[in-house]
Ligand SMILES: Nc1ncnc2c1ncn2[C@@H]1O[C@H](COP(=O)(O)OP(=O)(O)O)[C@@H](O)[C@H]1O
Ligand SMILES: [Mg+2]
């Protein structure tokens, strides 16, 4: 049932020739069609009547991000079961316990593949002067290394029924570097600079966008990906 808005949105978007309006069209159609479900979710999860619902982003065909009442990020997934969403929320609980920066505290909907979290503190990297980021590169890198080490302190073999967590909830598998006999660890798998939120001294205060999280066969995966994405971000 929840796939219908995605199908309608994707179909209408096919008729639109330009990439950006096409991309946003899916999101706006989903915003209209999912409105009642999201309103119900916000009421149940946060005890609030929904006053505003803004479309934030729909990058892939499979997931759409909204912000409700200007403070709750709500994500709706297409090809994910409700059970899988609950597993993801449980895993995020483990992450929350070991990591020293803020991470989203997700709540799952009762039946649909919808998750919500309150806005985390910090400023988006796009709102910060790039020169300042270049100057503080080493400081940022050190903090990212610390976060990765904290994440990797979770014993993945101890995660119950860990087969469920081998693939991320978006069903996308990001390529990993081959590593025979390496220690398996939990990886964020989307450590690009835009998923870190900073304070004015370039300290990382939050790490968001955990939907790509999965068990990595190579402990270097997150670090290699971060360095590559930071380079791309700085060269733009
Ligand atoms: N919990 C959150 N707190 C603050 N900002 C957030 C939060 N979740 C998402 N955002 C903002 O919304 C943007 C898009 O959300 P994100 O989950 O990263 O989706 P995408 O996969 O499309 O990048 C992020 O880059 C961040 O600026
Ligand atoms: Mg992101």
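None of the figures in this text is laboratory data; all of them are computed from the coordinates on show. Computed from a prediction, not measured in an experiment: that's the story for all the values here. In this analysis, Cβ positions are derived from the backbone assuming ideal geometry, glycine residues included, and neighbour counts consider all displayed protein chains.
To test your reading of the geometry: what angle, between 0 and 90 degrees and rounded to tens, separates the Cα axis of helix 137-151 from the longest principal axis of the chain?
Around 80 degrees separate the two axes.
Just order 129-137, 38-46 by mean Cβ neighbour count inside 10 Å, highest at the front, would you?
Values: 129-137: 11.8, 38-46: 18.2.
So the order, starting with the most tightly packed, is 38-46, 129-137.
Could you calculate the contour length gain from residue 127 to residue 69, that is, 0.36 nm times the residue separation minus the distance between their Cα atoms, to one decimal place in nm?
Separation in residues times 0.36 nm, less the Cα-Cα distance, equals 18.7 nm.
If r is the Cβ-Cβ distance from residue 235 to residue 98 and R0 is 41 Å, what FRET efficiency results, to the nearest 0.05? Before the final figure, lay out the partial values.
Details: r = 33 Å, r/R0 = 0.80.
Once the sixth-power term is evaluated, E becomes 0.80.
Hey, what did the chain get for relative contact order, percent, Cα under 8 Å, at least 6 apart? Provide the component values of the computation, followed by the final result.
Working: 367 pairs, mean separation 37.5, N = 236.
Answer for the chain is 16 percent.
Hey, got the Cα dimensions of the chain along the principal axes, in Å, largest first?
Sorted largest first, the three principal extents are 45, 44, 37 Å.
Determine the distance separating the Cα centre of region 25-53 from the Cα centre of region 109-148; give it in Å without decimals.
Going from one Cα centre to the other spans 25 Å.
What's the angle, to the nearest 10 degrees (0 to 90), between helix 3-14's Cα axis and the longest principal axis of the chain?
Long axis of 3-14 versus the principal axis of the chain: about 90 degrees.
How tilted is helix 82-98 with respect to the longest principal axis of the chain? Cα atoms for both, answer in degrees (0 to 90, nearest 10).
Once rounded, one gets 30 degrees.
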